[in-house]
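*Asks:* Quick one: this structure, given as structure tokens, is what I'll be asking you about.
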Amino acid sequence: MDDQPRLLRFRKLRERMSTLQEKALVFRCGNDRLLGILHAPSSGTRALGVLIVVGGPQYRAGSHRQFVIMAREIARAGHPVLRFDHRGIGDSDGEARSFEELDEDIRAALDAMHTQYPALRGVVVMGLCDAASAALMYGAGDPRVAGLVLANPWVRSESGEARAYVRHYYANRLLQAAFWRKVAAGEFDFVGSVRDFLRKLWTSKRGRPASESRASFRERMLEGLTRFRGPILLQVSGRDLTAAEFMDLCESDRRWGSAIARRNVDVRRYERADHTFAEGLDVATADCAAWLDTVTGR
């Protein structure tokens, strides 16, 4: 009897996978070979493709197979999806590089998608964290990019991180039962915590350091956001300091606030989601698929 639920899940998975075709795709970026997985609808391909850019220390599967799940669901909705390893991560060649240096990798992946699907009207570029930042810096410069899906964009600065901790982390800790259990058990380092809070408070209040110049990656992101005229889906997790720092920046900087208030930007907030949507991924993915339908119809 214990095997019945497992067998049922397997049959459902097999039925759902029968509507997809998946294959490895090797393509070049300069002298290096990049590896991706192409998720292709078995029939009825839509006019828009989707490219998933991966950032940070992740490779093409993502945390808890996040990008695998998303790619399959979006492909089942009719959109071909390519998720790939940029140079220096996963199974791709080349030296490791920063998210600020992914333009050539994204361009090569778009070339590969259009080689596979020459009739595509455009490609929506998706990214999480610093991959969202990379997508934002790239998108406006390539007319093939028809839209952007940005999840918890990375805008980290010393002062911004400290401000996010002060505004969001410490207040939330006071509402957590685990915190008070720690206090009651005498395991809470009061002096160290107060010292850390005051240090972050001071950092959050001081002006922007000279190293945070207007030519920083945040300024490149803002320029990309302002220049991009296509539709943008901004997905923000409610339990993530990276997302909180991004939204704080949009609240405190008029230029950022004006940029995300434009009619082409759709902001969705997921209160229970963490940074990688370990909870609520199904809702975020369904929202993305529905949003893609509106973009396809434009």
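All of the numbers you see were taken from the coordinates with simple rules; none came from a lab. This is a predicted model, so every value here is computed, not measured. Neighbour counts are summed over all protein chains in view; Cβ atoms, including those assigned to glycine, are modelled from backbone coordinates with ideal geometry.
*Asks:* Compute the length gained on full extension between Lys23 and Ser216: take 0.36 nm times their separation in residues and subtract their Cα-Cα distance, giving the result in nm to one decimal.
*Replies:* Result for the pair: 65.7 nm of gain on full extension.
*Asks:* Using θ = phi - 60° and the Karplus relation 6.51 cos²θ - 1.76 cosθ + 1.60, list the HN-Hα couplings for region 138-154 in order, rounded to whole Hz, with x at every Gly or Pro.
*Replies:* 3J(HN,Hα) across region 138-154, in whole Hz: 8, x, 5, x, 10, x, 6, 7, 8, x, 9, 10, 10, 9, 6, x, 8.
*Asks:* Could you derive backbone 3J(HN,Hα) for region 223-233 from the dihedral phi with the Karplus parameters 6.51, -1.76 and 1.60 (θ = phi - 60°), listing whole Hz in sequence and x where the residue is Gly or Pro?
*Replies:* Whole-Hz 3J(HN,Hα) from phi for region 223-233: 4, x, 5, 5, 7, 6, 9, x, x, 10, 9.
*Asks:* Another one. Provide, in order from the shortest bin, the percent of all Cα-Cα pairs of region 13-137 in each 5 Å bin, continuing until the bin that contains the maximum pair distance.
*Replies:* Once binned at 5 Å, the Cα pair distances of region 13-137 give 2, 12, 24, 25, 20, 11, 5, 1, 0.
*Asks:* When only Cα pairs under 8 Å and 6 or more residues apart are kept, what is the percent relative contact order across region 31-124?
*Replies:* Answer for region 31-124 is 39 percent.
*Asks:* Note down the nm distance, to one decimal, between modelled labels 7 Å out along Cα→Cβ at Asp293 and at Glu100.
*Replies:* That separation, rounded to one decimal, is 4.1 nm.
*Asks:* Give a quick list of trypsin sites (Lys or Arg not before Pro) in region 215-295 that DSSP marks as loop, anything other than H, G, I, E or B, with at most 12 other Cβ atoms within 10 Å. Let's see the in-between values first.
*Replies:* Numbers: sites: Arg218, Arg220, Arg227, Arg229, Arg239, Arg254, Arg255, Arg262, Arg263, Arg268, Arg269, Arg272; in loops: Arg229, Arg239, Arg262, Arg263, Arg272.
Within region 215-295, the qualifying trypsin sites (Lys or Arg not before Pro) (loop, at most 12 other Cβ atoms within 10 Å) are Arg229, Arg262, Arg263, Arg272.
*Asks:* Which shape class applies to region 211-298: rounded if a/c is under 1.5, otherwise prolate when a/b exceeds b/c and oblate if not, where a ≥ b ≥ c are the square roots of the Cα gyration tensor eigenvalues?
*Replies:* oblate
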